[in-house]
1. For the structure I just gave you, tell me whether residue 103 is more than 19 Å from the chain's Cα centre (by Cα) and in contact (Cβ under 8 Å) with a residue 12 or more places away in the chain.
2. Kindly indicate whether residue 146 is surrounded by 19 or more Cβ atoms within 10 Å (Cβ to Cβ), under 29 Å from residue 3 (Cβ atoms) and of a type in the set (Gly, Ala, Ser).
3. When you check residue 129 against the structure, is it modelled with pLDDT of 90 or more and either in a loop (DSSP other than H, G, I, E, B) or more than 20 Å from residue 12 (Cβ to Cβ) (or both), yes or no?
4. Within the set of pairs 6 or more residues apart or between chains, which connect a residue that is within 20 Å of residue 148 (Cβ to Cβ) and free of Cβ contacts under 8 Å to residues at least 40 places away in the same chain inside the range 67-93 to a residue that is surrounded by 14 or more Cβ atoms within 10 Å (Cβ to Cβ) and among the aliphatic types (A, V, I, L, M) with Cβ atoms less than 6 Å apart?
5. Report yes if residue 23 is more than 24 Å from residue 140 (Cα to Cα) and of a type outside the set (A, V, I, L, M, F, W, C), otherwise no.
6. Please work out which residue is surrounded by the most Cβ atoms within 10 Å (Cβ to Cβ), limiting yourself to the range 12-26 and to residues that are over 21 Å from residue 87 (Cβ atoms) and hydrophobic (A, V, I, L, M, F, W, C).
Amino acid sequence: MKILISGATGLIGTALIPVLEHDGHSITRLVRGTPRTTSQEIPWTPGQPLDPALVEPFDAVIHLAARNIGVRWNEKIKRDLIESRVQGTRTIAEATAAAFLGSGRPLTFISAAAIGYYGSRGDEVLTDASMSGNGFLSEIARQWEAATQAASDAGVRVVLPRLVWSSAPKAADSLACFPRSGWASEVPLAADVNGSAGSVSKTLWVGSASRLRLPA
């Protein structure tokens, strides 16, 4: 498959791309600034229109780009965290929708989402059908997922993997180093990673995310 991917230099992107290439997929990166190559990189700016003709040749689009949430919050940072997710996702979703309506491709849009959707729920068992929670992370996650609407309305298959906070290979150990206050207090420490297959969401560690296989 021909795959277009944003966030290629991030933690998940750098783990996922070698796996996809090993599986025989052809990868093109969406990059900010001037591309280093003409054939494998396409420039884009979140919040500014992306030419659907640039998206049309691809079978699938994977969107991972967003500002790192693991920083100290203030009101400006909160706005940036939301905008980096909503604007970028909407930009790519709208281009994907227009491309699909014009040519029938791409068929699939995989857009990163977050387990923060559920909020802090204690020992409650959560599934993809569970309602969204309260708090800033839940608000980000709802807006983030809603920004894919143009693609789903156009008939593109939209997949929203709700990912656990991602860090170094020992992500759980890294998370434990943060005080349980501020953003860290809203991140659940345990999650069911055995969600059903298909276009429903799953909760995954970065190691699992890098082993995702695209649907046929």
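The values are calculated or read from the model by the stated rules, or taken from the named source; none is laboratory data. Note that the coordinates shown come from a computational prediction; the quantities given were computed from them, not determined experimentally. We place every Cβ from the backbone using ideal geometry, glycine too, and count neighbours over all the protein chains shown.
1. Numbers: more than 19 Å from the chain's Cα centre (by Cα): yes; in contact (Cβ under 8 Å) with a residue 12 or more places away in the chain: yes.
Considered against the rule, which asks whether it is more than 19 Å from the chain's Cα centre (by Cα) and in contact (Cβ under 8 Å) with a residue 12 or more places away in the chain, residue 103 comes out as yes.
2. Details: surrounded by 19 or more Cβ atoms within 10 Å (Cβ to Cβ): no; under 29 Å from residue 3 (Cβ atoms): yes; of a type in the set (Gly, Ala, Ser): yes.
Answer is no for this residue.
3. Details: modelled with pLDDT of 90 or more: no; either in a loop (DSSP other than H, G, I, E, B) or more than 20 Å from residue 12 (Cβ to Cβ) (or both): yes.
For residue 129, the condition - modelled with pLDDT of 90 or more and either in a loop (DSSP other than H, G, I, E, B) or more than 20 Å from residue 12 (Cβ to Cβ) (or both) - is not met.
4. That search, which allows pairs on different chains as well, returns 67/81; 84/66.
5. On the way: more than 24 Å from residue 140 (Cα to Cα): yes; of a type outside the set (A, V, I, L, M, F, W, C): yes.
So residue 23 fits the description; yes.
6. Applying the first criterion (over 21 Å from residue 87 (Cβ atoms)) to the range 12-26 yields 14-26.
In the following step, the residues that additionally are hydrophobic (A, V, I, L, M, F, W, C) were identified as 15-17, 19-20.
Details: 15: 17, 16: 23, 17: 19, 19: 14, 20: 20.
If we take residues in the range 12-26 being over 21 Å from residue 87 (Cβ atoms) and hydrophobic (A, V, I, L, M, F, W, C), then 16 is surrounded by the most Cβ atoms within 10 Å (Cβ to Cβ).
For (1) under 14 Å from residue 4 (Cα atoms); (2) surrounded by 11 or more Cβ atoms within 10 Å (Cβ to Cβ); (3) among the β-branched types (Val, Ile, Thr); (4) touching an Asp or Glu at 6+ places or on another chain (Cβ under 8 Å), each residue gets a yes or a no:
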| residue | (1), (2), (3), (4) |
| --- | --- |
| 28 | yes, yes, yes, yes |
| 45 | no, yes, yes, no |
| 48 | no, no, no, no |
| 51 | yes, yes, no, no |
| 61 | yes, yes, yes, no |
| 69 | no, yes, yes, no |
| 80 | no, yes, no, no |
| 83 | no, yes, no, no |
